[in-house]
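Worksheet: the structure to be examined is printed underneath.
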Amino acid sequence: MVSSRLTPYYFLAPAILATAAIVLYPVASTLWMSFHDFVLFRPHDVPFTGLRNYQRLLADEAFWISLWNSFVWVGLAVGLQFALGMAAALILNESFAFRSFARALVVVPWALPSVIIGLMFTWVYDYNLGLLNDMLLRLGFIKSPVAWLADPDIALYAVIVALVWQGFPFFAVIILAGLQAIPGDLHEAAEIDGATRLQRFRHVVWPGLKGVILTALLLRTIWVANSLDVILVMTGGGPGYATHTLPLYAFLRAYSGMEFGYGSALAVVLTLFLISVAAFYVRRTMREAFR
Amino acid sequence: MIDRRSRTQRFFEIELPAAILIVIALAPYAWMAITSIKPTADIARFPVVYWPDEPTLIHYADLLARTTFPKNLLDSLIVAVSACALGLGLSVPAAYAFSRFGFIGRRFLMTQFLTINMFPIVLMIIPLFVAMRSLGLLDTVPGVVLGHATFAIPFAIWMLTSYLNGIPKELDEAAMVDGASRVQTIVKILLPLAAPGIVSTGIYIFVASWNEYLFAMMLSGQNVRTVTVALQLFIGEYTIQWGLLTAGGTLVALPVTLLFLFVQRHLIGGLTAGAVKS
């Protein structure tokens with residue numbers, strides 16, 4: 001066989017070089033920028049400032065608000081996505097007339113662009129013309145329209161609802177795949193032994209799903225923690241700092257404020273939080289992928 | 001499994017929840033589509049008009065005739081097709097290496113490609129913007145495509161590797177024993193067998209690139225502007241004309257949604273293979 005020890009590396013080289021240029025280089029230079037005072041319009045005068053960007057962050061109220069919002073955002077959005085996705089997967093695993101139709105349609109939210117999801121929900125939440133206010137008024141749940149996206153106490157939760165809608169199909173699909181990997185005779189055996197449905201879930205379904213669920217939860221946590229396009233479209237981070245999350249704040253600092261050094265420091269802090277989660281995830285999947 | 005539930009019980013426990021699920025998944029999109037065919041007067045009325053007396057396509061006509069939207073659609077198409085070509089061109093060989101060879105650093109490199117998927121975009125976008133600016137790639141198709149390659153390549157490698165692992169190694173080994181060269185084996189045996197997986201991965205990259213917003217916004221501008229960025233800009237430029245926006249949103253989402261529905265089973269197969277088989 002014409003094969004040298006170098007052969008696999010020839011196949012890998014293009015992908016590795018490209019990834020180094022477009023991912024690793026930018027990541028390294030973000031790290032570098034976070035220790036400098038980098039302003040786009042004087043690219044040749046970049047003084048080294050050491051940890052000053054990081055010190056500034058500790059005293060920055062907007063940073064702490066964004067950090068707290070990020071926790072609320074990840075906890076609620078991922079938790080609810082999981083709950084809804086789990087329920088959806090259990091339903092779609094049963095047999096009924098329009099099952100394949102339902103299985104296909106449930107992925108629709110996942111296929112839509114974040115910008116469109118942001119627009120759709122902004123339209124549904126509209127104070128003057130929105131569907132939500134109209135329906136709640138007709139049903140008598142509220143007496144006057146609610147400013148869903150303009151009220152600082154509500155806005156974050158209103159955006160989270162949009163994100164839950166976008167992300168639940170991911171869980172539904174992954175958990176459904178996991179459910180189908182559980183052999184049917186296990187169910188039958190448990191049923192013959194007189195197990196109730198709850199017991200069957202606890203002792204047959206849950207052990208078979210644990211690995212899949214953990215993988216999905218961790219992956220989704222990282223994606224949700226990083227995503228900012230839905231908020232950007234719906235509220236732009238406002239009112240005030242009410243819907244600022246860490247990645248959004250970093251982005252706004254760099255994009256509108258042109259403070260690349262400070263924005264980079266914020267991005268690095270976000271990444272440090274996520275690396276701890278990612279390390280856990282990678283260790284697990286690697287164990288599974290390389291049996 | 002024997003199901004001893006009665007007809008009514010089945011309706012309330014399975015069929016009704018399934019129907020509600022479909023409504024939840026489709027309602028916001030349906031509401032956007034309905035709004036897009038309402039005359040402007042109906043859109044601006046409260047209490048809400050649920051179905052227009054006279055549905056109209058005027059917003060679609062306006063969008064295509066009076067705005068930059070057709071050009072934006074073309075830009076999105078060019079960017080997404082290029083991102084697919086670049087992503088697959090680099091990932092197919094890499095996935096082949098991961099799937100068919102044991103070599104030093106294999107595990108480390110695979111871990112890297114998985115980890116890269118999880119880097120925050122904000123971590124990359126600032127230096128990419130600076131780099132593209134100094135290379136003169138800002139506001140060009142290659143600039144945006146390179147931005148999209150940051151997620152396309154690692155993801156495609158991961159997915160293609162799991163597809164290729166599903167094709168028995170014995171097949172291509174047999175061909176090579178019979179005297180086929182490595183290139184012949186790949187072109188004549190492996191690629192045809194892997195075609196469904198490659199197509200699905202390509203479609204996934206296409207959809208992700210078509211839907212992407214942040215890179216497109218940072219790295220594009222006047223010359224190149226994808227639909228997602230253009231739609232967002234309409235909010236400012238036209239003091240929220242919901243007719244135009246909802247028409248644009250409906251149009252942008254339709255082709256990718258259909259594409260996604262069409263291949264979702266293959267996609268999910270590749271995506272979950274690694275996670276489920278433990």
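Scan region A:239-258 for residues that are away from chain B (no Cβ under 12 Å) and closer than 15 Å to A:Trp73 by Cβ and the total you get is 4. All of B:Ile126, B:Ile116, B:Ile104 fail the test of being out of contact with any strand residue (DSSP E or B) (no Cβ under 7 Å at 6 or more places or on another chain), surrounded by fewer than 20 Cβ atoms within 10 Å (Cβ to Cβ) and either farther than 17 Å from A:Ala18 by Cβ or without any contact (Cβ under 8 Å) to a residue 60 or more places away in the chain (or both), apart from B:Ile104. Scan region B:219-228 and give yes if some residue there is part of a helix (DSSP H, G or I), surrounded by fewer than 23 Cβ atoms within 10 Å (Cβ to Cβ), out of contact with any Leu (no Cβ under 8 Å at 6 or more places or on another chain) and within 10 Å of chain A (Cβ to nearest Cβ), otherwise no. No, that holds for no residue. Among the residues making up region B:162-181, those that are in a helix (DSSP H, G or I), more than 10 Å from chain A (Cβ to nearest Cβ), surrounded by fewer than 18 Cβ atoms within 10 Å (Cβ to Cβ) and among the aliphatic types (A, V, I, L, M) are B:Leu171, B:Ala174.
Counting residues in region A:231-248 that are surrounded by fewer than 21 Cβ atoms within 10 Å (Cβ to Cβ) and either at positive phi or of a type in the set (S, T, N, Q) (or both) gives one or more. I'd like to check something: does region A:163-183 contain any residue that is touching a Phe, Trp or Tyr at 6+ places or on another chain (Cβ under 9 Å) and over 24 Å from B:Arg265 (Cβ atoms)? Looking for residues that are touching a Phe, Trp or Tyr at 6+ places or on another chain (Cβ under 9 Å) and over 24 Å from B:Arg265 (Cβ atoms), one finds at least one in region A:163-183, hence yes.
Which ones in region B:91-137 are assigned to a loop (DSSP other than H, G, I, E, B) and either at the interface with another protein chain (Cβ under 7 Å from one of its Cβ atoms) or closer than 18 Å to A:Val27 by Cα (or both)?
Across region B:91-137, the qualifying residues are B:Phe101, B:Phe103, B:Asn117, B:Met118, B:Phe119, B:Pro120.
Quick check on region A:204-224: of everything there that is surrounded by fewer than 13 Cβ atoms within 10 Å (Cβ to Cβ) and more than 22 Å from A:Ala279 (Cβ to Cβ), which residue is farthest from the other protein chains (Cβ to nearest Cβ)? Filtering first and then ranking leaves A:Trp206.
Residues that are in contact (Cβ under 8 Å) with a residue 60 or more places away in the chain number at least 1 in the following helices (runs of 4 or more DSSP H) confined to region B:1-81: B:16-36, B:40-43, B:58-66.
In region A:56-75, the residues that are at negative phi reach residues that are outside any helix (DSSP H, G or I) and among the polar types (S, T, N, Q) with C-beta atoms within less than 6 angstrom, at least six apart or across chains, in these pairs: A:Ser66/A:Thr245; A:Asn69/A:Thr245; A:Ser70/A:Thr245; A:Trp73/A:Thr245. Of the listed requirements (1) more than 16 Å from the chain's Cα centre (by Cα); (2) more than 17 Å from A:Ala20 (Cβ to Cβ); (3) within 10 Å of chain A (Cβ to nearest Cβ); (4) not in a loop (DSSP other than H, G, I, E, B), B:Gln184 misses just one: (3).
So that you can scan it fast, the table gives a plain yes or no per residue for (1) more than 25 Å from A:Gln166 (Cα to Cα); (2) modelled with pLDDT under 90; (3) away from chain A (no Cβ under 14 Å):
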| site | (1), (2), (3) |
| --- | --- |
| B:Ala30 | no, no, no |
| B:Ser36 | no, no, no |
| B:Phe46 | yes, yes, no |
| B:Asp53 | yes, yes, yes |
| B:Tyr60 | yes, no, yes |
| B:Pro70 | yes, no, yes |
| B:Leu74 | yes, no, yes |
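Taking region A:149-209 and the helices (runs of 4 or more DSSP H) fully enclosed by it, the elements with 3 or more residues that are more than 30 Å from A:Thr235 (Cβ to Cβ) and among the aliphatic types (A, V, I, L, M) are at A:155-180, A:184-192. Listed by first and then second residue, the pairs with beta-carbon distance under 8 Å, at least 6 apart or on different chains, first residue in region A:262-276 and facing another protein chain (nearest Cβ under 7 Å), second among the hydroxyl-bearing types (Ser, Thr, Tyr), are A:Gly263/A:Tyr255; A:Ser264/A:Thr30; A:Ser264/A:Ser34; A:Ala267/A:Thr30; A:Ala267/A:Ser34; A:Leu270/A:Ser70.
The values are calculated or read from the model by the stated rules, or taken from the named source; none is laboratory data. These figures come from a predicted structure and were not determined experimentally. A quick note on method: Cβ atoms are made from the backbone with ideal geometry, for glycine too, and the neighbour counts reach across all protein chains shown.
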